[in-house]
Amino acid sequence: MKIPIYLDNNATTPLDPRVLEAMIPYFTEKFGNAASRNHSFGWEAEEAVDYAREQVAKLINANEKEIVFTSGATEAINLAIKGVAEMYEKKGDHIITVVTEHKAVLDSCKHLERLGKKVTYLPVNKEGLIDLNQLADAITDKTILVSVMYANNEIGTIQNIREISKIVRSRGVLFMTDATQAVGKIPVDVEADGIDLLAMSGHKIYGPKGVGALYVRRKNPRVKVTAQMDGGGHERGMRSGTLNVPGIVGLGKACEIAQQEMPTESVRLAKLRDKLEHALTTTIEETYVNGSREHRLPHVSNISFNFVEGEGLMMGIKNIAVSSGSACTSASLEPSYVLKALGVNDELAHSSIRFGLGRFTTEEEIDYTIPYVQQAVARLREVSPLWEMFKEGVDFSKVEWKAH
Amino acid sequence: MAYSDKVIDHYNNPRNVGTLDKNKKEVGTGLVGAPECGDVMRLQIEVDPETKTIIDAKFKTYGCGSAIASSSLATEWLKGKTIDEALKIDNMDIVEELSLPPVKIHCSVLAEDAIKAAINDWRIKNGLEPLKLEDHH
Ligand SMILES: Cc1ncc(COP(=O)(O)O)c(C=O)c1O
């Protein structure tokens with residue numbers, strides 16, 4: 001077992017060696033430009049891109065003509081939201097999204113607000129799920145797009161995508177989903193799920209960084225987006241720029257492997273995750289699982305260890321790489337907006353740790369992690385005045401805190 | 001962000017963790033920060049009534065590694081100092097000693113606030129006027 005142990009697979013994943021192997025020739029002897037139509041170098045590259053397009057499409061049950069390669073999910077999201085806003089300008093100027101979305105979605109929407117568009121940000125319940133009635137009520141005859149993430153990156157909560165898309169599409173509105181965390185981990189099917197636009201990324205599925213894709217539906221309805229970059233008109237005019245052939249080949253291979261291994265892998269990971277979560281939450285007092293336990297990605301567990309600050313805890317468990325909803329490093333000192341949106345109080349949000357298991361996580365690593373975290377929490381509680389006050393039965397709401 | 005060796009040392013081997021009897025007249029307690037801000041420091045001093053020297057100092061801190069290290073260091077510095085000397089401890093001394101990066105300066109500010117709050121608590125208990133504290137924020 002190698003130390004440190006990587007349990008931050010929602011931030012990024014290591015490249016699968018099989019993916020790397022598929023990519024290597026496209027850095028070296030097969031270096032052609034996929035847009036070179038006049039020689040074998042170009043044809044070879046184009047063929048590889050076409051094959052990858054099929055691999056990507058297959059994973060989400062799309063047609064390969066519906067896949068637009070981008071530099072990642074951030075670009076795919078920007079293209080979808082801004083591209084739809086521009087393309088459907090005459091139809092309306094209202095977009096609906098959710099407060100727990102990734103910044104790529106929220107900030108694209110903020111950008112549009114500055115241009116005069118209207119955006120509704122739906123709240124979530126304590127599990128991280130939106131209310132379907134609230135969604136239905138928010139749709140107006142000016143609404144052109146509803147964007148709801150498939151699964152959340154901090155807590156792993158999976159939205160009820162099928163019901164959401166039914167409501168949205170029955171009102172003649174386009175439905176987009178940021179499926180960056182879901183694709184390759186749980187079944188995602190653009191037909192059965194009723195998705196019009198979908199963003200995904202290579203580096204969350206054991207593929208390379210700097211490559212992703214936007215799915216744009218071609219029939220029922222035919223969706224169009226206005227390009228956000230001007231240039232040579234690649235990707236059917238939606239995304240100019242010479243294609244990142246090795247990256248695209250890697251993304252394709254990553255999709256193929258994810259599809260093959262998902263049935264066994266999701267079961268294996270859920271078992272390991274449950275083992276970890278159960279051990280930590282039953283042996284350590286005052287722990288809270290954030291988000292839905294029922295509607296959740298199989299490899300994520302977000303736990304608050306009350307009376308211990310997350311960043312302080314991460315330092316104490318430096319042999320494992322995780323992330324925290326605490327924000328001691330940011331100037332604002334604001335903890336995670338996702339946890340706050342669930343109604344988790346600031347104190348518990350500061351005490352949260354996200355464990356993100358992955359393809360290369362072993363049971364041995366989980367067995368190491370459990371006592372390691374238990375000991376660190378116990379040690380930090382010995383140093384925590386809040387723990388002492390809690391044990392003495394002090395009512396925190398009656399303490400006059402000197403906030404800074 | 002990487003922590004300095006001194007922060008890591010204080011975090012791994014915090015000095016003077018513990019609790020003094022807050023009801024004792026010789027003990028001053030400072031509790032600063034708030035749970036919702038992600039930092040709470042409790043710093044206590046025990047003062048010799050004759051010499052006005054700090055004979056013991058203890059802390060407990062809820063916060064990041066730099067917050068724990070700042071308060072641990074503060075207790076180390078406080079022991080053996082007179083009250084007047086203790087008042088001269090400036091947060092920037094802590095920043096320098098621990099090589100805190102700019103985003104962690106607030107941890108040192110909190111430690112200085114905790115020192116002053118503990119001294120004021122002791123002053124009030126001993127019939128002295130509380131000192132006017134400059135507001136850092
Ligand atoms: C939910 C979600 N959306 C979007 C992104 C951005 O993806 P990328 O890094 O490919 O731009 C991420 C990753 O950080 C994510 O987790």
remark   = Considering the range B:19-60, residues that are without any contact (Cβ under 8 Å) to a residue 24 or more places away in the chain and facing another protein chain (nearest Cβ under 7 Å), and then whichever is farthest from residue B:110 (Cα to Cα), we arrive at B:36
remark   = Counted residues in the range A:123-152 being within 16 Å of the ligand (Cβ to nearest atom) and either within 14 Å of chain B (Cβ to nearest Cβ) or in contact with a helix residue (DSSP H, G or I) (Cβ under 8 Å, 6 or more places away or on another chain) (or both) come to 8
inquiry  = Take the conditions in a strand (DSSP E or B) and either open to solvent by 20 Å² or more (accessible area, probe 1.4 Å) or closer than 18 Å to residue A:200 by Cα (or both) and apply them to residue A:176. Does it pass?
reply    = yes
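For the range A:207-217, enumerate the residues that are touching a helix residue (DSSP H, G or I) at 6+ places or on another chain (Cβ under 7 Å), of a type outside the set (A, V, I, L, M) and under 13 Å from residue A:248 (Cα atoms). Give the derivation first.
Taking the range A:207-217 first, the residues touching a helix residue (DSSP H, G or I) at 6+ places or on another chain (Cβ under 7 Å) are A:207-208, A:210-217.
Next cut, of a type outside the set (A, V, I, L, M) only: A:207-208, A:210, A:212, A:215, A:217.
Correct list: A:207, A:208, A:210, A:212.
Does residue B:73 qualify as being within 10 Å of the chain's Cα centre (by Cα), away from chain A (no Cβ under 12 Å) and open to solvent by less than 10 Å² (accessible area, probe 1.4 Å)?
Details: within 10 Å of the chain's Cα centre (by Cα): yes; away from chain A (no Cβ under 12 Å): yes; open to solvent by less than 10 Å² (accessible area, probe 1.4 Å): yes.
Judged against the criteria, residue B:73 is a match.
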note = Here the residues within the range A:186-221 that are closer than 17 Å to residue A:297 by Cα, away from the ligand (no atom under 11 Å from the Cβ) and open to solvent by 20 Å² or more (accessible area, probe 1.4 Å) are A:186, A:187, A:189
remark   = By residue number, the members of the range A:199-249 that are touching a Gly at 6+ places or on another chain (Cβ under 8 Å), among the basic types (Lys, Arg) and closer than 17 Å to residue A:150 by Cβ are A:204
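In the range A:154-170, what residues are open to solvent by 10 Å² or more (accessible area, probe 1.4 Å) and either in contact with a helix residue (DSSP H, G or I) (Cβ under 8 Å, 6 or more places away or on another chain) or aliphatic (A, V, I, L, M) (or both)?
Within the range A:154-170, the first condition is being open to solvent by 10 Å² or more (accessible area, probe 1.4 Å), and the residues that meet it are A:154, A:158-160, A:162-163, A:166-167, A:169-170.
Passing the criteria: A:154, A:158, A:160, A:163, A:167.
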ask   = Which pairs have Cβ atoms under 7 Å, sit 6 or more apart or on different chains, and link a residue in the range B:2-18 that is part of a helix (DSSP H, G or I) to one that is open to solvent by 60 Å² or more (accessible area, probe 1.4 Å)?
value = B:6/B:97; B:6/B:99
query = Of the residues that sit in the range A:13-51 and are open to solvent by less than 30 Å² (accessible area, probe 1.4 Å) and within 16 Å of the ligand (Cβ to nearest atom), which one is farthest from the other protein chains (Cβ to nearest Cβ)?
reply = A:19
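The values are calculated or read from the model by the stated rules, or taken from the named source; none is laboratory data. Just so it is clear, the model here is predicted, and its values are computed rather than measured. So basically every Cβ, Gly included, is an ideal-geometry build from the backbone, and we count neighbours across all protein chains shown. Heads up: the accessible areas ignore ligands, DNA and RNA and are worked out on the full protein's heavy atoms, side chains in. Shrake-Rupley method; radii C 1.70, N 1.55, O 1.52, S 1.80 Å.
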